[in-house]
Amino acid sequence: EPEVTQTPSHQVTQMGQEVILRCVPISNHLYFYWYRQILGQKVEFLVSFYNNEISEKSEIFDDQFSVERPDGSNFTLKIRSTKLEDSAMYFCASSGLAKYFGPGTRLTVL
Amino acid sequence: EDQVTQSPEALRLQEGESSSLNCSYTVSGLRGLFWYRQDPGKGPEFLFTLYSAGEEKEKERLKATLTKKESFLHITAPKPEDSATYLCAVQGTTGRRALTFGSGTRLQVQP
């Protein structure tokens, strides 16, 4: 069964540093998403991507965040200058008839 | 704004003791209601999508149903391996395509 993959599984960084989280969505899906889940809280939408551009974004997705599809398979989320409050699980999802989530990247900002 | 409320927050069952989890939702128009299972430290695992009131779907010991205001996830004769957090999410027909999640129900099934 096809699956969404994410790397790294865990990223530890210092406040103010840039991080790039990577995802390989399911190959024939058209919509890609990033969500995050702060420990003990709801899963929250960050951004969706369709046809090589952002189709919608939440109020969380400010100028510190960016997304790219650098090639035909990868989908990345960049946080330019991490803050303590960016510590969370970040999930990539891709959508065909159903939305499938990846295993997540745990981001810890010290 | 789409809203999803799940109850109870936590549920402890004995193995074999059937029960139901509730998901109440408010959405301008429903494109789909999704159920996921989430194990600690893992990503949500897709279970079901329901599209219209009256629809039901089953998978092993799980059965999801949908009305115009809520969805139920019925667990029949649960086993310890069913222990997880169950998440409900909605996608509306207007506004964003992204999912709006509830807080989940933490289910513990004791042997």
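The values are calculated or read from the model by the stated rules, or taken from the named source; none is laboratory data. Given the structure is predicted, the values throughout are model-derived calculations rather than measurements. Every residue, glycine among them, receives a Cβ derived from its backbone with ideal geometry; neighbour counts consider all protein chains shown. Side chains included, ligands, DNA and RNA excluded: accessible areas come from the protein's heavy atoms. Shrake-Rupley method; radii C 1.70, N 1.55, O 1.52, S 1.80 Å.
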Pseudo-spin-label distance A:Arg69 to A:Val24, built 7 Å along Cα→Cβ, given in nm, is 1.7
³J(HN,Hα), Karplus 6.51/-1.76/1.60, whole Hz, each residue of the stretch A:45-50, x for Gly, Pro: 6, 10, 7, 10, 9, 9
At q = 0.09, 0.15 Å⁻¹, what log₁₀ I(q)/I(0) does the protein assembly as shown have when each alpha carbon counts as one equal point scatterer in the Debye sum? -0.36, -0.98
If I take R0 = 22 Å and measure r between the Cβ atoms of B:Ala53 and B:Thr94 in this structure, what FRET efficiency does the formula 1/(1 + (r/R0)^6) give, to the nearest 0.05? 0.75
Give me the accessible area of B:Arg96, 1.4 Å probe, in Å² rounded to the nearest 10. 80
Largest-first semi-axes in Å of the equivalent ellipsoid built from the Cα gyration tensor of the stretch A:41-96 are 19, 14, 11
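Taking the inverse of the average 1/r across all pairs of different Cα atoms in chain B, what Kirkwood radius in Å do you get? Intermediate results must be reported in sequence, preceding the final value.
Working: mean 1/r = 0.0717 Å⁻¹.
Radius from the Kirkwood sum: 13.9 Å.
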Unit-weight point scatterers at every alpha-carbon of the stretch A:5-109, Debye formula, q = 0.10, 0.16, 0.19, 0.24 1/Å: log10 I(q)/I(0) is -0.24, -0.63, -0.90, -1.47
Between the modelled labels at B:Thr67 and B:Arg106 (7 Å from Cα along Cα→Cβ) the distance in nm is 2.9
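Taking only C-alpha pairs under 8 Å that are 6+ residues apart, what is the relative contact order of chain B in percent? Present the calculation step by step, with values, prior to reporting the outcome.
Working: 288 pairs, mean separation 41.7, N = 111.
Result for chain B is 38 percent.
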Estimate the FRET efficiency between A:Glu85 and B:Ser24 by the formula 1/(1 + (r/R0)^6), using the beta-carbon distance for r and 30 Å for R0, to the nearest 0.05. 0.55
Could you name every residue in the stretch B:70-106 that has 40 Å² or more less accessible surface in the full protein assembly than in its own chain alone (probe 1.4 Å, ligands and nucleic acids excluded)? B:Arg96, B:Arg97, B:Ala98, B:Leu99, B:Phe101
Around A:Ser55, which amide H atoms from residues at least 5 apart in sequence, or from another chain, sit under 5 Å from its own amide H, with H modelled in the peptide plane? A:Ser48, A:Phe49, A:Tyr50
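With +1 on the Cβ of every Lys and Arg and -1 on the Cβ of every Asp and Glu, and nothing else charged, how large is the dipole of the protein assembly as shown about its Cα centre, in debye rounded to the nearest 20?
Values: 24 positive and 27 negative charges, 16 e Å.
It comes to approximately 80 debye.
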Along the stretch A:99-110, what does the Karplus equation 6.51 cos²θ - 1.76 cosθ + 1.60 (θ = phi - 60°) give for ³J(HN,Hα), rounded to whole Hz, x for Gly and Pro? 9, 9, 9, x, x, x, 10, 7, 9, 10, 10, 9
Backbone N under 17 Å from the B:Ser7 label point (7 Å along Cα→Cβ), restricted to the stretch B:73-88: B:73-74, B:88
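Can you work out the accessible area per residue across chain B, with the rest of the protein chains kept in place, probe 1.4 Å, in square angstrom? Present the calculation step by step, with values, prior to reporting the outcome.
On the way: 5420 Å² over 111 residues.
In whole numbers, chain B has 49 Å² accessible per residue.
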Rounded to the nearest 10 Å², what accessible area does A:Arg106 have for a 1.4 Å probe in the complete protein model? 90
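Taking loop as defined by DSSP and a crowding limit of 11 other beta carbons within 10 Å, which GluC sites (Glu not before Pro) in the stretch B:1-62 fit? Display every interim value, and only then the final one.
Details: sites: B:Glu1, B:Glu9, B:Glu15, B:Glu17, B:Glu45, B:Glu55, B:Glu56, B:Glu58, B:Glu60; in loops: B:Glu1, B:Glu9, B:Glu15, B:Glu17, B:Glu55, B:Glu60.
Filter output for the stretch B:1-62: B:Glu1, B:Glu9, B:Glu60.
Quick one: with all protein chains in place, what share of the accessible area of chain A is carbon or sulfur, to the nearest percent (1.4 Å probe)? Could you put the intermediate results ahead of the total?
On the way: 2640 of 5650 Å².
In chain A, the share of accessible area belonging to carbon and sulfur is 47 percent.
Within chain A, what's the longest run with no GluC sites (Glu not before Pro) in a DSSP loop and at most 12 other beta-carbon atoms within 10 Å? Give the range, please.
Details: sites that count: A:Glu18, A:Glu59.
With GluC sites (Glu not before Pro) excluded where exposed in loops, chain A gives A:60-110 as its longest stretch.
With +1 on each Lys and Arg Cβ and -1 on each Asp and Glu Cβ, how big is the dipole of chain B about its Cα centre, in debye rounded to the nearest 20? Before the final figure, lay out each step's value.
Numbers: 14 positive and 14 negative charges, 55 e Å.
With only Lys, Arg, Asp and Glu charged at Cβ, the dipole is about 260 debye.
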Keeping all protein chains in the complex and leaving out DNA, RNA and ligands, what accessible area do you get for B:Phe72 with a 1.4 Å probe, in Å² to the nearest 10? 60
Report Rg (one decimal) and Dmax (nearest whole number) for the stretch B:1-47, counting Cα atoms only, units Å. 13.3, 39
